[in-house]
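The block underneath contains the structure these notes are about, expressed in structure tokens.
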Amino acid sequence: MSVSDDIRKNANDAFGVSWAVRDGQVVPAATDLKLSNDAVRFADATILYADLDGSTDLVETMKWQFAGEVYKAFLYAASRLIRRHGGTIVSYDGDRVMGIFISQSQCNDAVSCALEINYAVKNIVQAELEKGWTTDFKIRHVIGIDISEIRAARTGVRGDNDIVWIGNAANLAAKLTALSADQPTWITKRVHDRLKDNQKVGSNGEDIWQSWKWSQHNQDPIFSTTYWRVIA
């Protein structure tokens, strides 16, 4: 079979064929799904994207060793905290990591994670960077969080495949990371509506969230914060 015939057969097998869908209780691995139209559904799942801001300039203007160390330290901190808050890391994409949260307190878990990432980047990773290098470079990041119904499906070719996450939260959480790093944590109204009071106020009882209209997405209401929570 030629390559074109192989691609044509795969597309024919994919389009218009019924899906086998089952509700998920745990985040699946790729091996838990078939490469055919097979999916795991979550009625609600919260997606967190943590993105290193300004990575293009970082790579173009700094030594590769410096850029590599910033990547590694940032992604380790974000990934470690995703796991700390009960999230599952489902992908790395260059300078970003994607986590999924499916617990009953998933929005609060994801936001707690984001606030601790903000602390870790600004107070731990940055401090260690300045010990290792003489530089005025400041690590900046943006986190996007959204919640929606999500389906997981396996995509790729035999021997080289992974899971794709299909749902509004996966798309919109990623798009939120394109917003200003001056506000490192961005969430949708859906997430904000599910937050407990202690996730909405700071140590002095002040509202930590600023509301915006998302001009790039139908003027949807979104929220941002510069707040962090200290980690031990």
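The values are calculated or read from the model by the stated rules, or taken from the named source; none is laboratory data. Since the structure is predicted, the reported quantities are computational estimates derived from the model, not experimental observations. Ideal geometry is used to build each Cβ from the backbone, glycine not excepted, and the neighbour counts take in all protein chains shown. Protein only, heavy atoms only, side chains kept; ligands, DNA and RNA dropped before computing areas. Shrake-Rupley method; radii C 1.70, N 1.55, O 1.52, S 1.80 Å.
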Exercise for the section: Take the residues in region 121-170 that are acidic (D, E) and assigned to a strand (DSSP E or B), then tell me which one is surrounded by the most Cβ atoms within 10 Å (Cβ to Cβ). Expected result: D146
Completion exercise
Output for Cβ contacts, cut-off 9 Å, separation at least six or different chains, first residue of a type in the set (S, T, N, Q) in region 55-72, second open to solvent by 30 Å² or more (accessible area, probe 1.4 Å) and not in a helix (DSSP H, G or I), reads S55/G94; S55/R96
Practice task
Hey, can you tell me all the residues within region 77-91 that are outside any strand (DSSP E or B) and surrounded by fewer than 17 Cβ atoms within 10 Å (Cβ to Cβ)?
Solution key: R80, R83, R84, G86
Problem - Residues of region 11-37 that turn out to be polar (S, T, N, Q), in contact with a strand residue (DSSP E or B) (Cβ under 9 Å, 6 or more places away or on another chain) and part of a helix (DSSP H, G or I), as a count - result: 1
Exercise for the section: State whether the residues of region 204-213 include one that is modelled with pLDDT under 95 and either of a type in the set (G, A, S) or touching a helix residue (DSSP H, G or I) at 6+ places or on another chain (Cβ under 9 Å) (or both). Expected result: yes
Exercise for the section: Looking for whichever is in a loop (DSSP other than H, G, I, E, B) and exposed (fewer than 14 other Cβ atoms within 10 Å of the Cβ) here; the options are Q183, Q216. Which one fits? Expected result: Q216
Fill in the blank from the handout: Conditions (1) open to solvent by 10 Å² or more (accessible area, probe 1.4 Å); (2) farther than 21 Å from A67 by Cβ -> G94 fails only (2)
Completion exercise
Within region 20-73, restricting to residues that are hydroxyl-bearing (S, T, Y) and open to solvent by less than 60 Å² (accessible area, probe 1.4 Å), the one that is nearest to R151 (Cα to Cα) is T46
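Check whether at least one residue in region 111-130 is within 30 Å of N12 (Cβ to Cβ) and touching a Lys or Arg at 6+ places or on another chain (Cβ under 8 Å), and report yes or no.
Taking every residue of region 111-130 in turn, none turns out to be within 30 Å of N12 (Cβ to Cβ) and touching a Lys or Arg at 6+ places or on another chain (Cβ under 8 Å).
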Handout entry: Complete set of residues in region 107-120 that are closer than 11 Å to V191 by Cα and surrounded by 24 or more Cβ atoms within 10 Å (Cβ to Cβ)
Key = C107, A110, V111
Exercise for the section: State whether the residues of region 38-51 include one that is assigned to a loop (DSSP other than H, G, I, E, B) and modelled with pLDDT under 95. Expected result: no
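Is it true that Y119 is touching a Leu at 6+ places or on another chain (Cβ under 8 Å) and of a type in the set (F, W, Y)?
So Y119 fails the test.
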